[in-house]
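S.K.: Take this structure first; my questions come after.
The values are calculated or read from the model by the stated rules, or taken from the named source; none is laboratory data. Computed from a predicted model, the values in this text were never measured in an experiment. No Cβ is skipped: glycine too gets one built from the backbone with ideal geometry, and neighbour counts run over all protein chains shown. Side chains included, ligands, DNA and RNA excluded: accessible areas come from the protein's heavy atoms. Shrake-Rupley method; radii C 1.70, N 1.55, O 1.52, S 1.80 Å.
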Amino acid sequence: MQKNRIIRILPFVMVVVVVIVMAIATIIEKIHGTTFASTKIYSTWWFTAIWGILTVCAFYPIAKILKRRRFSLFIFHLSFFVILAGALTTHITSKKGYIHLRCGESSMLFTEQHSDGSMRTATLPITITLNDFKIENYEGTTTHSDYASHLTFSTKEGSINETVSMNNIAVVEGYRFYQTSFDKDMRGSMLTITYDPYGTGVTYIGYGMLIVSAVLLLVMRPLPPPSPVGREPVRGRKFFIFHFSFFIFLFLAAMGFVMTPFVASDDAEKAERQLIVYNGRICPLNTLAHDFCLKITGKTTYEDLSAEQLLLSLPLAPNEWRAKSLLKIKNKALKERLGIDTDLARIKDFYESDGSYKLESLFNEQMAKAGGDQDRKLIRALYEADEQISLVNAAMTGKLIEPYKGNNPPSEARITAEIIYNQLPITVIGCVMIGISLLVILFGIWLMGDRCWMIGVGTLTAICAFLLGIFVLRWYISGNIPLSNGYETMVFVSLSTSLLTLIGVWILRRQTFVCNTIAIGGMMIAGLTLLVAHLSEMSPQITSLMPVLHSPWLTTHVSLIMVSYSLFALMAVIAGVDLVKKDARLNALNRLMLYPAEICLAIGIFLGAIWANQSWGTYWSWDPKEVWALISMLIYCIPLHTDSLPVMRKAKVLDIYLIMAFLSILMTYFGVNYLLGGMHSYAGN
């Protein structure tokens with residue numbers, strides 16, 4: 001009996017070991033660099049051995065699943081063995097390297113990179129010729145949309161002409177070629193080369209098994225909670241239907257007009273529709289004016305002037321504007337050093353009587369101090385103030401506005417949509433007002449119970465409609481699904497949490513306490529994520545997509561992971577309430593949501609791996625974001641195995657575990673972006 005218990009627990013002990021090792025590895029990578037972490041940890045025999053031991057330990061419990069004829073669950077677990085087998089095969093048999101070519105140059109030689117970090121020159125069975133290299137820009141801008149190498153591959157059978165660009169690879173004689181970088185003069189290209197004849201195929205089979213079996217488990221098999229949530233069990237398929245019903249929208253493009261020099265109120269309204277190039281894309285002047293005014297004054301208007309009037313007035317009388325209180329300064333220390341006692345400073349406040357720049361001397365003063373004596377907040381305020389002054393000076397000289405001169409302008413409808421979007425109350429103040437309203441309603445729900453239910457549902461529906469409107473407008477304006485940076489993903493988390501909460505409230509409407517708890521938790525998370533999106537350093541500006549993000553995998557990969565984060569956040573809140581109220585229905589609800597949340601995270605991770613293989617030539621690179629997403633998946637898989645871990649059947653244990661486990665999600669989303677960095681750190685801003 002004791003032996004069987006040890007066998008059951010051992011796989012989870014190894015999961016804990018793997019999690020600890022990977023977490024430490026990401027910290028070591030931050031301190032010593034990616035190459036050090038790769039050669040000293042991820043590529044070592046002992047790291048491979050840890051995964052091997054985990055695999056061996058998991059055979060016994062998975063064999064028991066097969067004995068019980070739970071075939072979908074068996075295939076789901078077996079898929080991880082196949083994925084690990086594919087990873088091991090890739091590690092043993094694959095090759096990876098780089099080749100640099102100049103236009104007109106041919107070569108069979110490439111630099112092969114070994115797992116220990118060493119490099120050596122190797123020979124390809126084909127000759128590669130770079131015929132031309134082109135950078136494609138977004139129409140009418142200088143922002144890059146793609147990089148393309150036009151190549152000729154000479155084989156024994158003949159020559160093949162291929163174009164390799166971001167997310168568009170070439171496969172010749174089993175070798176895969178990826179666009180990596182290019183020379184500054186745009187006459188040379190760097191390509192990544194991979195050769196993995198067996199491992200990728202095995203791994204992809206594992207991914208397919210995982211996705212198919214996971215969907216079958218969600219659709220065909222309800223997850224019975226240990227105690228009833230209501231009169232009818234809530235089946236996992238209801239969550240599944242919601243997860244895959246988010247995105248079907250349309251978007252357009254085409255139009256343009258002429259600038260006007262007038263800044264009267266009526267003319268400013270006409271000028272707001274003028275097309276300019278801003279943030280690497282084509283947009284109306286209204287967007288630049290809105291962002292400029294908010295950045296400079298802290299508001300979207302200045303005194304009696306609209307944002308457009310302010311922006312267009314600056315070059316007409318620059319000397320007069322330098323003497324006006326214009327720049328919003330928040331830092332008290334900086335205001336004291338500048339000698340001002342108001343929130344708005346004048347341009348002339350930043351210069352001495354001899355014309356010297358005060359900010360430069362203040363910055364040098366801080367840099368001369370030891371690290372511990374530096375005022376970090378003041379240094380940041382200096383940077384922000386300097387940026388404000390640079391923007392005002394650019395506006396005064398007319399350099400800030402770059403008129404659009406292309407032949408394919410956006411449509412009238414898209415321009416109108418962007419102007420409407422700019423007027424929506426999605427600023428910090430707007431989010432604070434939403435948050436205050438939610439707190440009042442939540443307090444009412446606690447006090448009034450059933451009588452406040454419809455008010456809560458109505459409010460939640462209104463919030464969902466508002467967030468969905470923002471999401472759709474932003475998608476329509478940019479022409480790309482808004483999931484490409486930290487701000488957009490936080491808005492999506494708020495939207496998905498609100499929608500999930502609304503569905504949960506409707507399904508469980510007869511269970512007053514459970515329903516109110518879900519409503520409170522969902523609205524709290526939605527409000528907090530909106531506040532975080534606007535109060536943090538995340539940029540709300542709409543920008544053009546990086547070339548690597550032009551991929552059909554973006555939508556499914558990011559949206560599934562964000563949905564899982566929403567569910568995990570809601571589960572943590574419900575667990576906190578359950579610790580206080582000790583209601584079996586709340587515990588049952590968390591057990592019900594745990595499985596679809598884990599499935600969404602797992603599928604999202606492995607779809608991201610396929611995308612990575614299409615973009616960078618490797619489906620797993622041990623990037624900190626990848627590692628912490630995997631850590632989160634492993635952490636949340638533990639409470640699913642109540643047969644092997646009976647302690648997880650206890651409500652209090654599960655509640656505490658779910659609250660603590662959510663720290664891994666916070667680390668995955670925020671900690672990696674702001675502390676560890678890596679390839680995915682572009683998501684932070």
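S.K.: Might you check whether a residue that is at pLDDT 85 or above, crowded, with 16+ Cβ neighbours inside 10 Å and part of a strand (DSSP E or B) occurs anywhere in region 154-163?
M.R.: yes
S.K.: Against the condition in contact with a helix residue (DSSP H, G or I) (Cβ under 7 Å, 6 or more places away or on another chain), touching a residue at least 40 places away in the same chain (Cβ under 8 Å) and surrounded by 18 or more Cβ atoms within 10 Å (Cβ to Cβ), how does Ile635 come out, does it pass?
M.R.: Answer is yes for this residue.
S.K.: Tally the residues that are of a type in the set (Val, Ile, Thr) and surrounded by 17 or more Cβ atoms within 10 Å (Cβ to Cβ), restricting the search to region 23-44.
M.R.: Adding up the residues that qualify gives 3.
Yes/no matrix, rows are residues, columns are (1) within 23 Å of the chain's Cα centre (by Cα); (2) assigned to a helix (DSSP H, G or I); (3) buried (at least 19 other Cβ atoms within 10 Å of the Cβ); (4) modelled with pLDDT of 75 or more:
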{"site": "Glu488", "(1), (2), (3), (4)": "yes, yes, yes, yes"}
{"site": "Val491", "(1), (2), (3), (4)": "yes, yes, yes, yes"}
{"site": "Leu495", "(1), (2), (3), (4)": "yes, yes, yes, yes"}
{"site": "Leu499", "(1), (2), (3), (4)": "yes, yes, yes, yes"}
{"site": "Leu502", "(1), (2), (3), (4)": "no, yes, yes, yes"}
{"site": "Arg510", "(1), (2), (3), (4)": "no, no, no, no"}
{"site": "Ala519", "(1), (2), (3), (4)": "no, yes, yes, no"}
{"site": "Leu530", "(1), (2), (3), (4)": "yes, yes, yes, no"}
{"site": "Glu537", "(1), (2), (3), (4)": "yes, no, no, no"}
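S.K.: Which condition from (1) small (Gly, Ala, Ser); (2) open to solvent by 10 Å² or more (accessible area, probe 1.4 Å); (3) under 24 Å from Val212 (Cα atoms) is the one that Ser621 breaks?
M.R.: (3)
S.K.: Also, quick follow-up: So Ala572 clears everything in (1) modelled with pLDDT of 90 or more; (2) aliphatic (A, V, I, L, M); (3) open to solvent by less than 10 Å² (accessible area, probe 1.4 Å) except one condition, right? Which one?
M.R.: Failed condition: (3).
S.K.: Here is a further query. Filter region 142-153 down to the residues that are in contact with a helix residue (DSSP H, G or I) (Cβ under 8 Å, 6 or more places away or on another chain) and not aromatic (Phe, Trp, Tyr), then identify the one that is most open to solvent (accessible area, probe 1.4 Å).
M.R.: It comes out as His144.
S.K.: For the condition open to solvent by 50 Å² or more (accessible area, probe 1.4 Å) and assigned to a helix (DSSP H, G or I), what is the one hit in Lys348, Lys330?
M.R.: After ruling out the rest, the residue left standing is Lys348.
S.K.: If you go through region 366-400, how many residues are of a type outside the set (Gly, Ala, Ser) and over 30 Å from the mean Cα position of the chain (by Cα)?
M.R.: Result for region 366-400: 12.
S.K.: So, of the residues in region 182-195 that are open to solvent by 30 Å² or more (accessible area, probe 1.4 Å) and out of contact with any His (no Cβ under 9 Å at 6 or more places or on another chain), which turns out to be farthest from Ser94 (Cα to Cα)?
M.R.: Asp185
S.K.: Could I ask something else about it? Being modelled with pLDDT of 85 or more and farther than 19 Å from Thr90 by Cβ is the filter; apply it to region 166-179 and report the residue that is farthest from the chain's Cα centre (by Cα).
M.R.: Of everything passing the filter in region 166-179, Val172 is farthest from the chain's Cα centre (by Cα).
S.K.: Hey, which of the helices (runs of 4 or more DSSP H) in region 367-476, taking only ones fully inside, have at least 1 residues that are modelled with pLDDT of 70 or more and surrounded by fewer than 14 Cβ atoms within 10 Å (Cβ to Cβ)?
M.R.: Hits in region 367-476: 376-396, 412-423.
S.K.: Filter region 286-305 down to the residues that are closer than 14 Å to Gln274 by Cβ and either without any contact (Cβ under 8 Å) to a residue 60 or more places away in the chain or in a loop (DSSP other than H, G, I, E, B) (or both) and list them by number.
M.R.: Ala289
S.K.: Now, a different point. Evaluate the following for Leu109: is it in contact with a strand residue (DSSP E or B) (Cβ under 8 Å, 6 or more places away or on another chain) and either open to solvent by 40 Å² or more (accessible area, probe 1.4 Å) or within 24 Å of Ile599 (Cα to Cα) (or both)?
M.R.: So Leu109 fits the description; yes.
S.K.: Just name the residue that is modelled with the lowest pLDDT out of those in region 638-656 that are among the charged types (D, E, K, R) and surrounded by fewer than 17 Cβ atoms within 10 Å (Cβ to Cβ).
M.R.: Here the residue is Asp643.
S.K.: Can you list residue pairs whose Cβ atoms sit under 8 Å apart, with the first residue in region 311-325 being farther than 24 Å from Glu269 by Cα and the second being among the aliphatic types (A, V, I, L, M) and not in a helix (DSSP H, G or I)? Count only pairs 6 or more apart in sequence or on different chains.
M.R.: From region 311-325, the pairs are Ser325/Leu344; Ser325/Ala345.
S.K.: Also, I was wondering about something else. Of the residues Asp132, Asp146, only one is charged (D, E, K, R), outside any helix (DSSP H, G or I), in contact with a Cys (Cβ under 8 Å, 6 or more places away or on another chain) and farther than 30 Å from Met209 by Cβ; which?
M.R.: Asp132
S.K.: On the basis of being without any contact (Cβ under 8 Å) to a residue 24 or more places away in the chain and either within 28 Å of the chain's Cα centre (by Cα) or at positive phi (or both), does Gly33 make the cut?
M.R.: yes
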